[in-house]
Amino acid sequence: MVMNFKGVQIEQERDVKYEKISDYMARDLVTFTPDMEIAEAIDIMLKKRISGGPVLNEKRELVGMLSEKDCLKVLVQSSYHNIPSGKGKVKDFMSENVKTLEMDTDVVSCANEFLTTYFRRFPVTENGVLKGQISRRDIMRAAQKIKSTTW
């Protein structure tokens, strides 16, 4: 039993089970390698109309994430050093501090992660192996499907 705001005892609501992020995540990912030329990665991002993606080593292990923000470093660095834009490797610009979520994470917990971090996407793993990626937009789609009775 819990007390409501008037101090009256009420029956505690049942545990609500929210849908898992694995139901909404992207599985067919565009990935990058650390040794890929940054100009090639930028071309891929523009052509595929994506804002970022996982960086995988030769063993297909997650070693970083490349985002539009990371790619903007190319322009600033080129301007600062007065060198042609687009020189360097993905590993020179990617973010290595990668927060992952497990496949069984519920959509509300994921939404909270987006609210408390600056990340726009999270790699989704299962036992440490990359299985997909969840974005803010994916969680918005999930929220749209959640019926008001489950809140």
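Of all the residues that make up segment 34-52, how many are outside any helix (DSSP H, G or I), buried (at least 16 other Cβ atoms within 10 Å of the Cβ) and modelled with pLDDT of 95 or more?
2
Taking only segment 53-75 into account, find how many residues are in a helix (DSSP H, G or I) and either modelled with pLDDT of 95 or more or more than 26 Å from Ile139 (Cβ to Cβ) (or both).
The number of residues fulfilling the criteria is 3.
Answer with yes or no whether Asp104 is within 25 Å of Tyr18 (Cβ to Cβ), exposed (fewer than 14 other Cβ atoms within 10 Å of the Cβ), touching a helix residue (DSSP H, G or I) at 6+ places or on another chain (Cβ under 8 Å) and among the acidic types (Asp, Glu).
Against the criterion (within 25 Å of Tyr18 (Cβ to Cβ), exposed (fewer than 14 other Cβ atoms within 10 Å of the Cβ), touching a helix residue (DSSP H, G or I) at 6+ places or on another chain (Cβ under 8 Å) and among the acidic types (Asp, Glu)), Asp104 qualifies.
Just wondering, is there one or more residues in segment 74-84 that are crowded, with 17+ Cβ neighbours inside 10 Å and either of a type in the set (Ser, Thr, Tyr) or over 22 Å from Met25 (Cβ atoms) (or both)?
Yes; the residues of segment 74-84 include at least one that is crowded, with 17+ Cβ neighbours inside 10 Å and either of a type in the set (Ser, Thr, Tyr) or over 22 Å from Met25 (Cβ atoms) (or both).
Pick out the one residue from Met140, Met94 that is closer than 17 Å to Asp23 by Cα and either among the aliphatic types (A, V, I, L, M) or in contact with a Cys (Cβ under 7 Å, 6 or more places away or on another chain) (or both).
Met140
Could you tell me which residue of segment 107-134 is surrounded by the most Cβ atoms within 10 Å (Cβ to Cβ), considering only residues that are β-branched (Val, Ile, Thr) and more than 19 Å from Gly53 (Cβ to Cβ)?
Here the answer is Val107.
The values are calculated or read from the model by the stated rules, or taken from the named source; none is laboratory data. As the structure is a computational prediction, the values presented were derived from the model and not from experiment. Cβ coordinates were reconstructed from backbone atoms using ideal geometry, including for glycine residues, and neighbour counts include every protein chain displayed.
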